[in-house]
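The values are calculated or read from the model by the stated rules, or taken from the named source; none is laboratory data. Keep in mind that what you see is a predicted model, and the values were worked out from it rather than measured. Neighbour counts are summed over all protein chains in view; Cβ atoms, including those assigned to glycine, are modelled from backbone coordinates with ideal geometry. What goes into the accessible areas is simple: the full protein's heavy atoms, side chains included, and nothing from ligands, DNA or RNA. Shrake-Rupley method; radii C 1.70, N 1.55, O 1.52, S 1.80 Å.
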Amino acid sequence: MPVKKEYPEMGWNLDNSFLQLPSALYTRLTPMPVPSPTLVLFNHSLAESLGLNADLLSGEAGSAFFSGNQLPPGALPFAQAYAGHQFGHFTVLGDGRALLLGEQITPSGARVDLQFKGSGPTPYSRGGDGRAALGPMLREYIISESMHALGIPTTRSLAVVTTGKDVIRETRLQGAILTRAASSHIRVGTFQYAAQRGSIHDLQALADYTLQRHFPGIPSDDERYRELLQEVIKRQAALIAKWQLAGFIHGVMNTDNMALSGETIDFGPCAFMDTYHPQTVFSSIDYYGRYAYANQPSIAGWNLARFAETLLPLLHPEMPRAVNLAQEILGSFPTLYQHGWLKGMRRKLGLFNDESEDEILVNELLTLMQEHQMDYTNTFRSLTLDLQQETLPGETAQYRQWVEKWKARLSRQPKSAAESQQLMRQSNPAVIPRNHQVEASLEAAVNSDDFSVMRRLLAALENPFAYTPDQDVYAAPPSPSDVPYRTFCGT
């Protein structure tokens with residue numbers, strides 16, 4: 001069984017405020033030891049920002065701590081309980097293969113959850129082994145850190161450790177544990193669990209804790225739960241707009257995968273679009289396209305409605321009045337999302353001011369991209385670099401006409417062409433984690449124990465807006481043999 005030792009030089013500064021909540025919301029548990037842990041990926045910059053000693057933790061000490069064989073001082077591990085609508089169907093869930101170690105208090109005073117993923121079974125495992133395979137854990141590391149570099153709020157990856165113990169899925173796979181950092185792991189599903197299984201006092205305690213942790217500026221008065229709902233809606237509207245602007249498809253937007261902090265969480269069958277199409281789906285289990293790219297804003301609204309339902313007893317003692325209040329607040333989501341998306345699209349096109357026809361201009365471009373199977377990221381990259389001839393194999397008259405219309409729009413603003421291009425360079429990534437490149441790096445790491453391909457990819461993705469020559473190779477779209485691409489829930 002893991003034991004505690006004091007390692008103050010490591011920088012551990014863990015607190016456990018979530019454990020002050022009703023015990024129905026979690027189960028205390030210790031990680032299961034693994035036979036021969038090896039640290040294969042370690043995020044030095046993230047570790048330093050957390051106040052951890054990156055040099056000391058990047059070796060054998062890191063292998064022990066990030067496998068669960070050695071508990072950091074102050075760690076009180078537990079699995080969280082939550083529920084969720086999975087593809088629209090409600091079920092009671094929980095951390096089936098994850099343990100939250102505690103909350104690291106950073107040098108800046110921020111409170112950050114540190115969580116193991118793949119650390120063994122919990123009471124919520126539903127018959128699973130609670131372990132994880134190396135490939136999916138490396139994949140989450142790549143995608144989550146890419147999201148961070150793109151400026152999209154996200155949980156982050158601190159370390160990946162191989163366990164020395166295989167996991168059995170369809171085949172025998174190398175086992176691994178990911179250490180994840182997050183503002184918190186409070187989800188819509190956490191509130192659904194409290195509303196379904198707990199008392200009104202449990203629900204209120206969770207709501208007050210969430211307010212204190214994520215929205216401390218909201219006064220502690222009778223309006224605070226309405227403000228909580230509104231602020232969560234604002235963060236989700238901003239987050240989903242950023243997903244859409246980057247061409248990111250989460251793949252499994254169940255309510256237990258929506259964090260109230262406004263961070264992207266639970267990277268399973270997620271991926272970035274290559275060829276633009278609104279109905280793009282990568283997940284092998286999304287048979288009907290519920291979580292397709294174009295559906296993400298409406299699904300977010302649906303999930304937020306489920307969150308609002310949990311708050312009804314706190315919004316007003318009279319249920320009809322509570323429902324009206326919730327509906328009124330929920331009604332702000334489409335406008336907030338659309339405003340954020342259009343503002344981002346203007347930036348991607350180098351537009352500093354607003355004109356009433358801008359949305360039409362954007363949608364005309366997206367229609368052309370869909371009709372001519374244009375690459376989403378590279379279309380905006382080519383516009384940024386004034387390389388329109390590289391956008392289409394053989395330009396079409398419609399596309400040339402659109403470019404002229406866009407340039408005329410640019411000329412009607414006070415900013416210079418150089419300023420517009422600079423705005424575009426800040427808004428349009430030169431590189432994204434291309435699916436075929438991610439898979440190539442995973443194959444080298446998992447099958448050949450070669451992490452050099454992955455490290456080069458991570459280096460190229462670290463500053464996606466740099467537009468450096470060494471990024472060019474990572475901007476190449478997939479070959480026909482690499483499509484159609486399918487992803488699978490991490491196991």
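Just checking, how many residues over the range 208-239 are in contact with a Phe, Trp or Tyr (Cβ under 6 Å, 6 or more places away or on another chain) and either open to solvent by less than 10 Å² (accessible area, probe 1.4 Å) or not in a helix (DSSP H, G or I) (or both)?
2
Considering only the range 281-309, how many residues are free of Cβ contacts under 8 Å to residues at least 12 places away in the same chain, assigned to a loop (DSSP other than H, G, I, E, B) and either of a type in the set (Ser, Thr, Tyr) or in contact with a His (Cβ under 9 Å, 6 or more places away or on another chain) (or both)?
Going through the range 281-309 one residue at a time, the tally reaches 2.
Any idea how many residues of the range 167-190 are within 19 Å of Pro121 (Cα to Cα) and polar (S, T, N, Q)?
So the count comes out to 2.
Take the residues in the range 356-370 that are touching a helix residue (DSSP H, G or I) at 6+ places or on another chain (Cβ under 8 Å) and farther than 22 Å from Arg412 by Cα; name whichever of them is least open to solvent (accessible area, probe 1.4 Å).
Checked the range 356-370; the qualifying residue least open to solvent (accessible area, probe 1.4 Å) is Met369.
Which residue, of Gly127, Gly118, is touching a residue at least 60 places away in the same chain (Cβ under 8 Å) and at positive phi?
Criteria check complete, one pass: Gly118.
Looking at the structure I just gave you, is Gly62 open to solvent by less than 20 Å² (accessible area, probe 1.4 Å), farther than 30 Å from Tyr288 by Cα, among the small types (Gly, Ala, Ser) and touching a residue at least 60 places away in the same chain (Cβ under 8 Å)?
For Gly62, the condition - open to solvent by less than 20 Å² (accessible area, probe 1.4 Å), farther than 30 Å from Tyr288 by Cα, among the small types (Gly, Ala, Ser) and touching a residue at least 60 places away in the same chain (Cβ under 8 Å) - is met.
Checking Pro320 against (1) of a type outside the set (S, T, N, Q); (2) under 28 Å from Val362 (Cβ atoms); (3) open to solvent by 30 Å² or more (accessible area, probe 1.4 Å): exactly one of these is not met. Which one?
Result: Pro320 fails condition (2) only.
So, in the range 130-153, of the ones that are over 27 Å from Asp450 (Cα atoms) and touching a strand residue (DSSP E or B) at 6+ places or on another chain (Cβ under 7 Å), which residue ends up most open to solvent (accessible area, probe 1.4 Å)? Please lay out each step first, then the result.
Step one: list which residues in the range 130-153 are over 27 Å from Asp450 (Cα atoms), which gives 151-153.
Now narrow it down to the ones that are touching a strand residue (DSSP E or B) at 6+ places or on another chain (Cβ under 7 Å): 152-153.
Values: Ile152: 9, Pro153: 51 Å².
By that ranking, first place goes to Pro153.
For Gln421, all conditions in the list (1) at positive phi; (2) open to solvent by 40 Å² or more (accessible area, probe 1.4 Å) hold save one; what is the number of the exception?
For Gln421, the exception is condition (1).
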